[in-house]
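The values are calculated or read from the model by the stated rules, or taken from the named source; none is laboratory data. Fair warning: this is a prediction, and the values are worked out from it, not measured in the lab. Positions of Cβ are generated from backbone atoms using ideal geometry, with glycine treated the same way; all protein chains shown enter the neighbour counts. Ligands, DNA and RNA are stripped out before the accessible areas are found, and what is left, the full protein with its side chains, is counted by its heavy atoms. Shrake-Rupley method; radii C 1.70, N 1.55, O 1.52, S 1.80 Å.
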Amino acid sequence: MSSAIKFTIALVATFAFTSTSAHPLSITGDAWTSEVDGIADRARRSMSTEAFGLWPPANWTYVSESYGGNCTTIKGQSNMDDNCTFPPGTFVHGGFEEDDEGNVYTGIHSYGLYKFSPAINHSDIIGTDERLTDNIHALQYFKRNEVEYLALAQPDEHRVLIVEASDGTVVSELVAPTVGVFTKGPDHGDVNDYWNDPDIPSVFAPTDVAYDGEWLFVANGYAAPAGDFIMRAKWNGVDAWIWDECAWGGDGTANGKFKVAHGLVWYDGFLHVANMNNHRIDKFDVHGNYKGTLAGLPTDAKYSDMSVFPVSKDALVITAYEVVGAVAAEKYPVYIWQSGSLIDTVYPSEHGNGGIVGLDTTHGAIAHFVDDELYLLLHGTNDGIITAVKHEPEP
């Protein structure tokens with residue numbers, strides 16, 4: 001491809017902005033002038049990585065725009081002040097999830113669980129349960145019996161909440177496993193020892209959740225090194241999600257071992273694990289058997305999160321919390337990967353060619369369509385930034 005692909009800074013949410021618009025997340029540009037109630041099935045089906053010219057790897061550039069003075073945070077909610085402000089110290093350390101209609105969900109510590117319209121120009125806080133205001137490190141959208149749910153990993157509170165996506169009602173809660181629950185999976189005995197041995201301080205600190213259509217898979221990554229396992233949960237057939245018999249992993253560098261199992265996604269028939277400090281993404285079947293490591297990715301990146309490219313489901317969007325030893329301009333990338341190849345790399349941080357000031361880590365990202373336009377929605381951490389970059393192929 002001879003022409004460069006341009007991503008333009010589209011929105012940034014930090015701690016303090018001045019209100020300039022009646023809409024939450026007021027975005028400049030024609031694509032953001034009105035709310036889209038839904039994205040047409042015909043249009044969505046036509047969208048794929050190929051349609052947006054992501055082969056071969058392209059140059060990514062950024063247009064620096066004025067965003068610090070705009071009210072680009074979630075505005076108009078009862079628990080926010082008139083200036084559309086997150087107070088200093090607000091903790092933003094999470095990710096995004098998209099449902100089948102293109103609505104986008106994220107959590108903001110102390111504020112709650114947010115649902116954005118497909119056009120990202122309207123938002124609502126969903127749910128009144130106070131637990132939803134605790135930090136949501138990662139989310140998983142899924143359907144069961146035609147009901148839509150979100151599984152919320154909350155490591156600081158040592159739980160996974162399963163809520164109805166429509167209104168935030170908490171329907172189930174996964175907490176630390178009980179003694180002797182795991183009887184299947186590679187090294188499941190080590191998992192039981194971790195929960196059983198009184199000399200091992202056991203901690204349930206879930207970093208992410210994935211769903212394969214039957215089971216929930218939970219990464220206990222923030223309990224590393226001793227508790228760095230993947231554990232499987234099932235519906236009990238009545239009213240709750242409970243731990244299943246299968247678990248695996250543990251601390252180490254060998255295949256099937258983890259150095260912080262930070263992110264999870266179900267993709268192409270396998271559970272993919274962002275094995276952060278082993279600098280790789282590993283694949284497992286539903287029983288925990290190691291099935292390989294993704295080829296074509298850098299071996300010096302601390303992978304933090306993965307999401308499936310929407311609609312076509314033909315690629316992964318992969319974030320790296322940091323690339324060890326990289327120069328400043330290439331330290332916090334987002335990768336687009338498909339079929340064994342790294343097909344593009346995005347550098348959205350302040351160091352990247354006029355990029356986003358303050359985005360000094362990339363904790364989570366998803367690709368998101370608004371009509372026929374493609375965006376990457378990004379969660380940073382250190383300065384609590386939520387932002388997006390827009391895909392603009394050059395003529």
Q: Find the accessible area per residue for region 174-225; the probe is 1.4 Å, ligands and nucleic acids are left out, and the unit is Å².
A: 43
Q. How high is the FRET efficiency between ASP372 and VAL203 when r is their beta carbon distance and R₀ equals 56 Å, given to the nearest 0.05?
A. 0.75
**Q.** Computed Rg/Rh of region 169-220, alpha carbon atoms with Kirkwood Rh
**A.** 0.99
Q: Take each of the peptides 113-121, 322-330, average the number of other beta-carbon atoms within 10 Å over its residues, and list them starting from the highest.
A: 113-121, 322-330
Q: Stick to the Cα atoms of region 249-370, pair each with every other, and give me the Kirkwood hydrodynamic radius in Å at one decimal.
A: 14.6
Q | Segment GLU164-ASN255, length gained on full extension (0.36 nm per residue, minus Cα span) | A | 29.2 nm
**Q.** For region 95-252, the Rg and Dmax computed from alpha carbons only, in angstrom
**A.** 15.9, 52
(Q) So for each of 254-263, 337-346, 231-240 I average, over its residues, the number of other beta carbons within 10 Å; can you give me the resulting order with the highest mean first? (A) 254-263, 337-346, 231-240
(Q) Could you derive backbone 3J(HN,Hα) for region 241-248 from the dihedral phi with the Karplus parameters 6.51, -1.76 and 1.60 (θ = phi - 60°), listing whole Hz in sequence and x where the residue is Gly or Pro? (A) 8, 10, 5, 8, 7, 9, 7, 6
Q: Set the Förster distance to 22 Å, then compute FRET efficiency between GLU214 and ASP129 from the Cβ-Cβ distance, nearest 0.05.
A: 0.25
**Q.** Amide H contacts of LEU374 (H built 1.01 Å from N, under 5 Å, at least 5 apart or other chain)
**A.** HIS391
Q) Sorted by accessible area with a 1.4 angstrom probe, largest first, how do THR299, THR293 fall? A) THR299, THR293
Q) Given R₀ = 35 Å, FRET efficiency for ALA328-ASP156 by Cβ-Cβ distance, to 0.05? A) 0.70
Q: Over every pair of different alpha-carbon atoms in region 214-258, take the mean of 1/r and invert it; report that Kirkwood radius in Å.
A: 11.3
Q | Sequence ranges 187-196, 305-314, ranked by mean other-Cβ count within 10 angstrom, highest first | A | 305-314, 187-196
Q.
Over 27 Å between Cα atoms: which of LYS143/LYS257; LYS115/LYS302; LYS184/LYS259; LYS234/LYS257; LYS259/LYS331 fall into that group?
A. LYS143/LYS257; LYS115/LYS302
Q: Calculate the length of the line joining the C-alpha centroid of region 110-171 to that of region 186-249, in whole Å.
A: 21
**Q.** Ratio Rg/Rh [Cα only; Rh per Kirkwood] for region 212-291
**A.** 0.97
